[in-house]
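Read-outs: derived from the displayed coordinates by stated rules, not from any lab. In this text the structure is predicted, and so the values were computed from the model without any measurement. Every residue, glycine among them, receives a Cβ derived from its backbone with ideal geometry; neighbour counts consider all protein chains shown.
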Amino acid sequence: MSKVLPLRDAVDRYVPDGVGMLAVGGMHLHNNPMALVREVIRQRRRVHRLLTSPCGALNADLLIGAGLVDEVATSYVGFEHLGLAPCFRRAVEDGAIRVLECDEAYITHGLYAGAGGLPFIALPAGLEVSDVPKVNPESYRIVEDPFTGRRALAGAPLRPDVALLHALESDAKGNTVIAGAHFLDRSMALASKTVVVQAERIVGTDEVAGRPVGSVIPGFLVHAVVEVPGGCHPTASHGAYDYDEEHLRMYLERARDRAGVSAYLEANVTSVSEEQYLDAVAPRLDALRYVATPRVTGQLEAGQRSVTASSSDLGDANRTAGPGPER
């Protein structure tokens, strides 16, 4: 049975209002599932706790700016060389959201624990002398190593209720190909109860089977796939296009205050469909592609977008002009 759904239906069906823990994939300005994030905002789905990779960016800041997030579990939210995350910083300073301070090792190993069904997981030595366990006792505990008797730091498992991820390709069964860096996306898929994937394009199962096994999330983990070419914009999609620094700088300038955030959301999210947004940024996306590919046409909301470039064309782009599947 096909797991391909229109964007609106995927969020409506699998992201409940008040979701307990929502994980957003990608890292820094790369592979952020922005089409899914924007649709969550359009449908005003509140998020009790938002979990980022060790380095969240627009995927977190936009949800916070929309006023949908109660708590954030993260080690960093920012825009790399472009600066700090304005909505995240303002919300923290104003006490509008609760922050669960997490170090990068805990997010990584906590997802491993969640994926493996472990009650907790021991963390690398040295973290027990940091202040992170003091400011986030909910996620950390000092324990005794049963083998050496020494003090060790343990972390609670991370089991997101829903994970929103981006992929370069997927087949209709949900077998998903991540190009370039995987970050923690595979771990999020393994640890989460529900997984929704946006993909640059839907391909045949035989094409997915030809990809390196380490780059594939198996379909039995995935609940829904949405075909959204360009859906990472303004962040990068590895193997397809670079991040849009001009757009990101515009966002950061507008997001300096609440009125600017509201204006950005109205112009780019709440008052337009995803297809209208992507049509508006199409010239920018064309300029950012690692290798030029034909424009995709069709009705996104009807789930009818089709790609005229072949899988081998994009595979060549991965090898010659941009981050490709790990080998």
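Considering only DSSP beta bridges where both residues belong to region 149-300, give the percentage that are antiparallel (nearest 5).
35 percent
Short-range pairs are left out: with C-alpha atoms under 8 Å and at least six residues apart, the relative contact order of region 1-135 is 18 percent.
Annotation note: GluC sites (Glu not before Pro) in region 107-154 located in DSSP loop regions with a Cβ neighbour count of at most 14 within 10 Å are E138.
Peptides 51-57, 172-178, ordered by how many other C-beta atoms sit within 10 Å of their residues on average, highest first, read 51-57, 172-178.
Using C-alpha pairs below 8 Å separated by at least 6 residues, the relative contact order for region 115-228 is 26 percent.
Under the combined filter of DSSP loop state and at most 11 neighbouring Cβ atoms within 10 Å, region 221-280 retains none of its chymotrypsin sites (Phe, Trp or Tyr not before Pro).
For the pair region 35-75 / region 213-275, the C-alpha centres are spaced 12 Å from each other. For region 1-112, the equivalent ellipsoid built from the Cα gyration tensor has semi-axes of 22, 16, 14 Å, listed from largest to smallest.
Residues in region 205-216 carry Karplus couplings, in order, of 4, 5, 5, 4, 4, x, 7, x, 4, x, 9, 10 Hz; the curve used is 6.51 cos²θ - 1.76 cosθ + 1.60 with θ = phi - 60°, and Gly or Pro positions show x.
Using a Förster distance of 51 angstrom, determine the FRET efficiency expected from the C-beta separation of E246 and A125, and round it to 0.05.
0.70
Computed log10 I(q)/I(0) for region 129-272 at 0.12, 0.14, 0.18, 0.19 Å⁻¹: -0.72, -0.87, -1.03, -1.06, from the Debye equation with unit scatterers placed on every C-alpha and solvent omitted. Looking at the chain alone, DSSP beta bridges between its own residues are antiparallel in about 35 percent of cases. Counting only residues at least eight positions apart within a chain, or on another chain, the lysines with an alpha carbon under 19 Å from that of K193 are K3, K173.
Please give the charge dipole size of the chain, origin at the Cα centre, charges +1 on K and R Cβ atoms and -1 on D and E Cβ atoms. Round to the nearest 20 debye.
It comes to approximately 460 debye.
Placing R0 at 41 angstrom, the Cβ-Cβ distance between S2 and F147 gives a FRET efficiency of 0.25 after rounding to 0.05.
Calculated FRET efficiency, D12 and A263, Cβ-Cβ r, R0 30 Å, to nearest 0.05? Taking R0 as 30 Å, the efficiency between D12 and A263 is 0.70. For region 102-162, chymotrypsin sites (Phe, Trp or Tyr not before Pro) meeting the loop criterion (DSSP other than H, G, I, E, B) and having at most 10 other Cβ atoms within 10 Å: F147. Taken one residue at a time, the phi angles of region 130-140 give Karplus couplings (6.51, -1.76, 1.60, θ = phi - 60°) of 7, 8, 4, x, 6, 8, 9, x, 5, 9, 10 Hz. Gly and Pro are set to x.
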